[in-house]
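Have a look at the structure below before the remarks.
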Amino acid sequence: MPTLTHADFGSVRSPARAARPFVASMLGLAVLLVAVPVLAQTTPDSSAEQGVTPMDQMDLTVPQPGQPLISAPAKPGERSPFFDDSKVSAQLRSFYFDRDKFDPSRSEAWAIGGSVTYKSGYMAERLALGGTVYGSYKLYGPDEYDGTLLLKPGQQSYTVLGQAYGEFKFTDRIFGAVGRKEYNTPYINAHDVRMTPNTFEGITAYGTAGGQEGASAWRFGGGYITKIKEKNSDSFVWMSRDAGANVDRGVYLAGANVEHKNLSVGAINYYSQDIINIFYTEAGYALPLAGKNKMKLAAQFSDQRNTGDNLLTGQEFSAHQWGLKGDLGMGAALFTLAYTDTASGTSMRSPWSGYPGYTSVQVEDFNRAGESAALIKMAYDLSKQGIKGTSAYALWVHGTGVSAPVYNEDEYDFNLQWAADKGDAWRGMSIRLRYARINQRGGGDPAINDFRVILNYDFPRP
């Protein structure tokens, strides 16, 4: 794909910079959301941030593409499931990113690309093959504005075979996989917040149990992950090197989540020899309320510490963070309050994914040593206001507890998203606008402005 020059997009910067009034518009929208009466309509499902995987959404399985490649033969005896049940899907994505940093520097780029995914049916009801090719190609991106993570370092385009795996079916509910694949757990996940996601190499087993006739529903999995392809990379590197150690080590993981009626409890552990051990647990309970109102309370705890020869930092370390969250769904609105507290001494790490903390938002994670943070968020489904397929949210995170040479911060996020309805002519398309402002309290009180526009178009269209 040809790369357009800075001059070709001279008009792009002006609208992008002029988009700063978008902040004021979103502030107005936030006020409007509070003022609009709550109607009986669908409540937003989750307050989880994009790219974050709560325990009750832990998923080690293989994503299923869209539709069969070919139709099954007319005669059942001539059917070949490996070929006839093959499926393919694709997504076109375009992403514009612009961030002013605390220092005078900026990161800015505009890219187009996406993915094409294939998965076969099962051979002899035991083996299926699959893969995904990802690409990100520069439309605009001056070298001096590098660092958006939309493109490779140096604002370079790339193509990568991000997934290539075999999936083994041991029973109807227990599977295994080997090769390159996407996983979604709290600390090893796709973190799909740029052009292409994180993917991983390794061997895993996963499955489900229970869930019938009122029995508890279990999801479990584990394995050994050797390498990672970061979201803006076309190569796989050892998990230990990606974390910052100059040795080759993988990560063992094992976890499970159980749901029984309104209660969900899960835990997962990640162990890398001589590098780090991360333990994470989370529980949630849904409280029934009158009418269609919903309330969910959740708690989380993360513990991180060195292992073996301390090859990550060269010395012993330990850190932990706990958090509480409450979601209240009232008609079309979802109100969220959350609080996290990080122990003093060492900041928390998230070496292979987005950070799962309840106050981790668009830009900041609020997980530095000694840092406490409180979050207020409101999400609203605007469909019944005549804007079909549209939702919005606004949030504020207030961080305290750190001291110079680092400073306490506040982050304000505003999000507006539209997805075409299944019966619409534009079905398969979604557009998302995101804005974040981070104010630093101290050090001259600098600020970060982070603006993003994401367009996705899925094939086959629903």
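The values are calculated or read from the model by the stated rules, or taken from the named source; none is laboratory data. Please read all numbers here as calculations on a predicted model, not as lab measurements. Every residue, glycine among them, receives a Cβ derived from its backbone with ideal geometry; neighbour counts consider all protein chains shown.
For segment 355-382, name all the residues that are of a type in the set (A, V, I, L, M) and closer than 18 Å to residue 415 by Cβ. Those that are of a type in the set (A, V, I, L, M) and closer than 18 Å to residue 415 by Cβ: 361, 363, 375, 376, 378, 379, 382.
Of everything in segment 292-308 that's of a type in the set (S, T, N, Q) and in a loop (DSSP other than H, G, I, E, B), which residue is surrounded by the fewest Cβ atoms within 10 Å (Cβ to Cβ)?
293
Scanning segment 414-436 for residues that are closer than 20 Å to residue 95 by Cβ and out of contact with any Lys or Arg (no Cβ under 7 Å at 6 or more places or on another chain) returns 414, 416, 418, 419, 426, 429, 430, 431, 432, 433, 435, 436.
What number of residues in segment 123-141 are under 30 Å from residue 174 (Cα atoms), of a type outside the set (S, T, N, Q) and either assigned to a strand (DSSP E or B) or touching a Lys or Arg at 6+ places or on another chain (Cβ under 6 Å) (or both)? Can you show your working first?
Quick first cut of segment 123-141, residues under 30 Å from residue 174 (Cα atoms) only: 123-134.
Retained after the next criterion (residues that are of a type outside the set (S, T, N, Q)): 123-131, 133-134.
With the extra rule that they be either assigned to a strand (DSSP E or B) or touching a Lys or Arg at 6+ places or on another chain (Cβ under 6 Å) (or both), the set shrinks to 123, 126-131, 133-134.
Of the residues in segment 123-141, 9 are under 30 Å from residue 174 (Cα atoms), of a type outside the set (S, T, N, Q) and either assigned to a strand (DSSP E or B) or touching a Lys or Arg at 6+ places or on another chain (Cβ under 6 Å) (or both).
Regarding residue 355, is this residue part of a strand (DSSP E or B) and hydroxyl-bearing (Ser, Thr, Tyr)? So residue 355 fails the test.
When you scan segment 369-388, do you find a residue that is basic (Lys, Arg) and within 25 Å of residue 452 (Cα to Cα), even just one?
Yes, the conditions are met somewhere in segment 369-388.
Hey, does segment 374-395 have a residue that's touching a residue at least 12 places away in the same chain (Cβ under 8 Å), over 30 Å from residue 200 (Cα atoms), acidic (Asp, Glu) and buried (at least 20 other Cβ atoms within 10 Å of the Cβ)? Scanning segment 374-395 turns up at least one residue that is touching a residue at least 12 places away in the same chain (Cβ under 8 Å), over 30 Å from residue 200 (Cα atoms), acidic (Asp, Glu) and buried (at least 20 other Cβ atoms within 10 Å of the Cβ). Is at least one residue of segment 208-226 closer than 23 Å to residue 114 by Cβ and either more than 20 Å from the chain's Cα centre (by Cα) or outside any strand (DSSP E or B) (or both)? No: zero hits.
Of the residues examined, residue 461 is not one that is part of a strand (DSSP E or B), in contact with a Lys or Arg (Cβ under 8 Å, 6 or more places away or on another chain), free of Cβ contacts under 8 Å to residues at least 40 places away in the same chain and surrounded by fewer than 20 Cβ atoms within 10 Å (Cβ to Cβ). Got at least one residue in segment 351-362 being surrounded by 19 or more Cβ atoms within 10 Å (Cβ to Cβ), at pLDDT 95 or above, among the aromatic types (Phe, Trp, Tyr) and closer than 18 Å to residue 397 by Cβ? Within segment 351-362, one or more residues are surrounded by 19 or more Cβ atoms within 10 Å (Cβ to Cβ), at pLDDT 95 or above, among the aromatic types (Phe, Trp, Tyr) and closer than 18 Å to residue 397 by Cβ.
Take the conditions (1) over 21 Å from the mean Cα position of the chain (by Cα); (2) buried (at least 20 other Cβ atoms within 10 Å of the Cβ); (3) within 30 Å of residue 114 (Cα to Cα); residue 272 misses just one of them, which is (3).
How many of the residues making up segment 122-150 are within 28 Å of residue 451 (Cα to Cα), of a type in the set (Phe, Trp, Tyr) and either surrounded by fewer than 17 Cβ atoms within 10 Å (Cβ to Cβ) or in contact with a helix residue (DSSP H, G or I) (Cβ under 6 Å, 6 or more places away or on another chain) (or both)? Qualifying residue count for the region: 1.
When we screen 104, 153 for residues that are surrounded by fewer than 19 Cβ atoms within 10 Å (Cβ to Cβ), more than 20 Å from residue 81 (Cα to Cα) and at pLDDT below 95, the only hit is 104. Which one of 114, 130 is at positive phi and modelled with pLDDT of 95 or more? 114 is the lone residue from the list that is at positive phi and modelled with pLDDT of 95 or more. Identify all residues within segment 154-169 that are in a loop (DSSP other than H, G, I, E, B) and in contact (Cβ under 8 Å) with a residue 40 or more places away in the chain; write none if there are none. Within segment 154-169, 155, 157 qualify.
The residue that is nearest to the chain's Cα centre (by Cα), among those in segment 309-335 that are outside any strand (DSSP E or B) and acidic (Asp, Glu), is 316.
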